[in-house]
Amino acid sequence: MSRIGYRRLVAVALVAGIGLTGAACSSSSDKKDDTGSKATSSTSSVGTPLDPKTKVTISVDCEPPTTKKAERQQWVDDVAEFNKTYPNVTINSKDAFPCEDPAKFTAQLQAGSETDAFYSYMTDLQQVLDAGQAADITDYVNEKTVPNLADIDPGVLNVLKDGGKLYGLPTSNYQMGLIYNRKIFKDAGLNPDQPPTTWDEVRQDAKVIQDKLGSKGINGYMDNSGGNQGGWHLVSEMYGVGSKAVSDDGQKAAFNNDETKSVLSTLHDMRWTDKSLPATPGLQWGDVQKAMGTGKIGMYVGAPDDIPLVVQQYKAKFEDLGMAPIPGGKTSLFGGNDYMFKKSASPDQIKAGIAWINFKYLTLEKGQFNYPRNKTDGLPVGLPQPFFFTGASKAKDTETKTANATVPVENFKSYVDAQVPVLPEPPNAQKIYTVLDTVMSGVLTNKGADISKLLSTAETQVNSLLAASQ
Amino acid sequence: MAATTVPENTTKRHAGRTSGPGGGAARTGLSRKVRQNLQAHGFLIGALLCFLMFSWYPMIREFIMSFQETKRGTTSWVGFKNLNRVYHDPYFWTAWKNTAEFTLYALVIGFLVPFVVAIVLNELRHARAYLRVLVYLPVMLPPVAGVLLFKYFYNPDYGLFNHILKTLHLPTSQWLDSSHTAMISVVIAATWMSMGGATLIYLAALQNIPGELYEAADLDGAGLLSKIWHVTIPQTRMVLSLMLLLQIVATMQEFTNVFLLTGGNGPENSTMTVVYMVYQYAFRYNNFGSAAALGLFLLLVLAVFSGLYTRLSRNSD
């Protein structure tokens, strides 16, 4: 081969390499599927349940990791039981903890590499739609495919709708409240059966705890200021005192008002005047839960699903934990989790995914509602969550849950009895939370924080983000 | 006879194998070169493909994305809309101010400290090798381990630094939890974790300074500071200049330390750098077009410094 010919060969190889690389990096998301899913074509209408003879493979994420032995085994057992009805459906489970890491989730959506049925937060809908990744399941979901559909709270389903079309099925939900440590309350001379219900009472009780137990390294209250948790908590707290995060049409910020300022002023006073908050606020998810689980704080704003976490991970005791309604009690932020279905999935894959979600998460006495099994496996039964069933389903669920309760349900009585009206998370919630993190960090880390200025700047930023999302 | 016959046969067989049909001495040499070059270029192509895939392609995509917007899975061209949006972000100048602040602190602390340490190491007569290893050890520590260590040191309630301050009856600090001290705390941690590499480079430069210059300075009665000012700094000027520019380029892209130590934003956005803001736009706001547009702004600024670096390194050759 001549030198010139050789150079040509190298040039051709390079050009081919560039082409291949470009192709490999192509962002045409609809072609990508790392799960190896395959399916036969659908032979029936989308509105009918999956034909048990259909041979189809689906990938599903959020299988509990092996470190959560009981939950993992339950998943495996449930797949086996599901396969008794649908022997030709192969569920390709992908384990994960936590089920959603927002940055990874965003990258997966951009690459189109999420599973056929993928776990998401209820706040994720707009992001998934913007990425063009959610299948419209309106025609797939009815009382034949999801028999308890009529008893699912319409408010919950509405969160998963856009333009009247349904894009997901709920698996759990919560409403925010005040988690408190009954033992610390007792040790500080407070009545654990009368938790605070307003911010003034929260401040008073936090100060009592601080004065009595501060020398032991116990703080009265704790809050977050980072990792979107600060913003999430602030929105929960402003809901509690009657403020909203955004206007009803979702176009403008609506939090720069006296109600929000009153919450922030109280937090600022608790941190800098009473010193009933720790010097280091929670920067990321898990910080306040750890503090509660290790008995270092008296109270924090949270959701009921934190309680098993602080017990299992940080060895707290169920009987030491209680829950009260969100301070203020005007409205409570509700949110939760759901599964959506990949837009490029075939009709049979979507049907199989819906059948699995229905079996695992929406059928009484099966899957997550198999309370006798949860009791045997040492998982908590009796926590006030999920809250999405109404009517006959709710009544039956409450009955079975109470009969098998393993946690002291009376510790959550004030939270359950309060019946605080719920409000969904604002549109573009995660973006708003990011901005409001700054407000919380200002109040919790700066003694001279100018609350009005913090809120005004955040308002401008949120308005800009909302305008960009239109 | 036997001794001469064998090499002849060997030569013939060798020649016959390599020349091939129509082959000659010149072609034999060329074929060998081709084979050798093929291997070399094989390696080269692999490296080039990696660069294409992980460096150049993302850069080109980023440039294109900065003029695009994706909604409902449909990508459209939006001209300068993304650039305009990020420019008018209320935190745009905050991020630049923080980045400049980080760079400034990194120059004062991260540039000066390794140079001083290198001078001290160079002056030592005993245990120099041992101390060199000690200085370099933190570089080998995984960044996350270093960050966790400093998070513990900085904790206002039970951290080591406040413990020391209390012991000395000095006022304690909020360190990472105050907007006044968060950035400097990040720089101190970052400097500790990365100064080993810079120190070794300065040390190598110092050891190249001819000893006669110091002897001459001694004869002139120069003191330590005078020797540093009149001999050490002029002799290492080129290395110092290059390291300075490299450090400016590197510190302006700061992300890891602020992300791990302060969650990215820090108290009241006091540690939000431009690169963290890019991350925020992409992975928190899910707005890749604006993230790319912000990246373009950064690229323009860094291009200036990179041009200076290229010019300086050409002069140093």
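Each Lys or Arg adds one and each Asp or Glu takes one away; over the other residues whose Cβ falls under 11 Å from the Cβ of A:PRO170, this sums to -2.
With every protein chain in place and a 1.4 angstrom probe, the accessible-area ranking of B:TRP77, B:TRP192, A:TRP272, largest first, reads B:TRP77, B:TRP192, A:TRP272.
Cα extents for the stretch A:428-470 along the principal axes, largest to smallest and rounded to whole angstrom: 37, 17, 8.
Scan chain A and report its longest stretch carrying no GluC sites (Glu not before Pro) that are both in a DSSP loop and have at most 14 other Cβ atoms within 10 Å. Value returned for the longest uninterrupted segment is A:144-364.
Here is what passes the span test in chain B: the DSSP H helices with alpha carbon length of 30 Å or more along the helix axis and a Kyte-Doolittle mean of -1.0 or above are B:25-51, B:182-207, B:288-316.
How long are the semi-axes of the equivalent ellipsoid of the stretch B:125-213, defined as square roots of 5 times the Cα gyration tensor eigenvalues? Whole Å, largest first. Intermediate results must be reported in sequence, preceding the final value.
On the way: eigenvalues 210, 44, 34 Å².
So the equivalent ellipsoid measures 32, 15, 13 Å along its semi-axes.
Tell me, what is the Rg over Rh of chain A, with Rh the Kirkwood radius over Cα pairs? Ratio of gyration radius to Kirkwood radius: 1.03. Can you list, bin by bin at 5 Å, the percent of alpha carbon pairs in the stretch A:326-470, starting at 0? With 5 Å bins starting at 0, P(r) equals 2, 7, 11, 12, 13, 13, 12, 11, 9, 6, 2, 0.
Do any trypsin sites (Lys or Arg not before Pro) in the stretch A:380-461 lie in a DSSP loop with no more than 11 other beta carbon atoms within 10 Å, and if so, which? Mind showing how you got there, number by number?
Values: sites: A:LYS394, A:LYS396, A:LYS401, A:LYS413, A:LYS431, A:LYS447, A:LYS453; in loops: A:LYS447.
Here the sparse-neighbourhood loop sites are A:LYS447.
Only helices enter the 222 nm calculation for chain A: every DSSP H run of n ≥ 4 contributes -39,500 (n - 2.57), and dividing by all residues gives -13500 deg cm²/dmol, rounded to 500. The largest-to-smallest principal axis extents of the Cα set in the stretch A:106-179 are 39, 36, 22 Å.
Of all beta bridges that DSSP places with both ends in chain A, some 65 percent have antiparallel geometry.
A DSSP coil position with no more than 13 other Cβ atoms inside 10 Å describes the following trypsin sites (Lys or Arg not before Pro) in the stretch A:142-188: A:LYS144. A 1.4 Å probe over all protein chains sorts B:CYS50, A:CYS99 by accessible area into B:CYS50, A:CYS99, starting with the largest. For the stretch B:92-169, chymotrypsin sites (Phe, Trp or Tyr not before Pro) meeting the loop criterion (DSSP other than H, G, I, E, B) and having at most 14 other Cβ atoms within 10 Å: B:TYR158. Accessible surface comparison of B:HIS163, B:HIS41, probe 1.4 Å, protein chains only, largest first: the order is B:HIS163, B:HIS41.
Of all lysines in the structure, those lying under 26 Å Cα to Cα from A:LYS69, and not within fewer than 8 positions of it along the same chain, are A:LYS84, A:LYS94, A:LYS104, A:LYS290, A:LYS315, A:LYS317, A:LYS360, A:LYS366, A:LYS375, A:LYS401. Out of every Cα-Cα pair that the stretch B:56-193 contains, those further apart than 23 angstrom amount to 60 percent.
The charge dipole of the stretch A:267-362, taken about the Cα centre with unit charges on the Cβ atoms of Lys, Arg (+1) and Asp, Glu (-1), comes to about 220 debye, rounded to the nearest 20.
Search the structure for amide H atoms under 5 Å from the amide H of A:SER93, placed 1.01 Å from N in the peptide plane, and list their residues when 5 or more places away or on another chain. Amide H to amide H, under 5 Å and 5 or more residues apart or across chains, A:SER93 pairs with A:VAL60.
Projected over all directions and averaged, the alpha-carbon convex hull of the protein assembly as shown occupies 49.1 nm².
Mean residue ellipticity, 222 nm, helices only, chain B: the sum of -39500 (n - 2.57) across DSSP H runs of n ≥ 4, divided by residue count and rounded to 500, is -22000 deg cm²/dmol. The relative contact order of the stretch B:45-204, computed from alpha carbon pairs under 8 Å that lie at least 6 residues apart in sequence, is 25 percent.
For the protein assembly as shown, a simple Cβ point-charge model (Lys and Arg +1, Asp and Glu -1, everything else neutral) yields a dipole of about 3180 debye relative to the Cα centre.
Among DSSP beta bridges lying fully in the protein assembly as shown, give the percent that are antiparallel, nearest 5. Can you show the working numbers first?
Values: 31 of 45 bridges.
Of those bridges, close to 70 percent are antiparallel.
Between the alpha-carbon centres of the stretch B:81-124 and the stretch A:102-133 there is a gap of 35 Å.
Toward the positive end of the charge dipole of chain B, with +1 on the Cβ of Lys and Arg and -1 on the Cβ of Asp and Glu, the farthest Cα among B:SER290, B:SER173, B:THR256 is that of B:SER290. Rg and Dmax of chain B, based on Cα coordinates, read 28.2, 97 Å.
Evaluating kT/(6 pi eta Rh) at 20 °C and 1.002 mPa s, with the Kirkwood radius of the stretch A:177-281 over Cα pairs in the Stokes-Einstein relation, gives 146 µm² s⁻¹. The heavy atoms of A:THR273 present about 90 square angstrom of accessible area, all protein chains included, probe 1.4 Å. Tell me whether the stretch A:56-144 comes out rounded, prolate or oblate; compute the Cα gyration tensor, take square roots of the eigenvalues as a ≥ b ≥ c, and use a/c under 1.5 as the rounded threshold. Oblate is the answer for the stretch A:56-144, as a/c is 1.5 or above yet b/c matches or exceeds a/b.
The values are calculated or read from the model by the stated rules, or taken from the named source; none is laboratory data. In this text the structure is predicted, and so the values were computed from the model without any measurement. Ideal geometry is used to build each Cβ from the backbone, glycine not excepted, and the neighbour counts take in all protein chains shown. Calculation scope for accessible area: heavy atoms of the full protein, side chains included, ligands and nucleic acids excluded. Shrake-Rupley method; radii C 1.70, N 1.55, O 1.52, S 1.80 Å.
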